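Colleague: Starting off with a structure, shown below.
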Amino acid sequence: MTLSEIKQLLSEVSAIDNRKLSEETAKAWQAILGFMPLDIAKEALHLARKDDRINWMEPKHIVSQAKEAAFKLDRAKPVVTQPVESSPPPLCKPHGTRLASCIPCCKQLHRQGISEGLESHLEPAKNEIYELSK
């Protein structure tokens, strides 16, 4: 956090406990909280305020709540998933279904692969069974 962000955080703290803000106080808090993003620090401050054992807010209270605050902020964000582009699955020509769902053709390909080897049955399978869906 920058010094101005620390001052913004300290103004929230002072609104509750009426502490006097100074440049030295802001620099001392920045030395401890400077690594933390402002949004996480604010959320950690709100979580620390809910703890009834804390009477006077210190930077250590914000640090101790930072992990939970980060998880809470991550859960609040909507998850955006991008559709995966791929080629359509091959179809079974004789039965008109997806090849992976066509039990008779899968059995036939399996038997051919065991008896003749994988390479020997690929070309006939492409000619007789596979059809790319559109």
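The values are calculated or read from the model by the stated rules, or taken from the named source; none is laboratory data. Note that the structure is a prediction, hence the values are computed from the model and not measured. When we count neighbours, we look across all protein chains shown, and the Cβ atoms used for this are built from the backbone with ideal geometry, even at glycine.
Colleague: Show the residue pairs meeting these rules: Cβ distance below 6 Å; 6+ apart or different chains; first residue within segment 27-42 and of a type outside the set (A, V, I, L, M, F, W, C); second residue exposed (fewer than 14 other Cβ atoms within 10 Å of the Cβ).
Modeller: Partner pairs satisfying both residue conditions: 30/3.
Colleague: Can you spot a residue in segment 44-54 that is at pLDDT below 95, over 22 Å from residue 67 (Cβ atoms) and in the same structural domain as residue 67 (by TED's automatic domain parsing)?
Modeller: Among the residues of segment 44-54, not one is at pLDDT below 95, over 22 Å from residue 67 (Cβ atoms) and in the same structural domain as residue 67 (by TED's automatic domain parsing), which makes the answer no.
Colleague: For the subset of segment 2-37 comprising residues that are within 12 Å of residue 66 (Cβ to Cβ) and not β-branched (Val, Ile, Thr), which member is surrounded by the most Cβ atoms within 10 Å (Cβ to Cβ)?
Modeller: Per the stated criteria, the residue is 33.
Colleague: If you don't mind, there's one more thing I want to ask. Out of all the residues in segment 52-83, which are surrounded by 12 or more Cβ atoms within 10 Å (Cβ to Cβ) and not in a helix (DSSP H, G or I)?
Modeller: 54, 57, 58
Colleague: Looking for something aliphatic (A, V, I, L, M) and either without any contact (Cβ under 8 Å) to a residue 24 or more places away in the chain or surrounded by fewer than 14 Cβ atoms within 10 Å (Cβ to Cβ) (or both) - is there at least one such residue anywhere in segment 84-95?
Modeller: The answer is yes; a qualifying residue exists.
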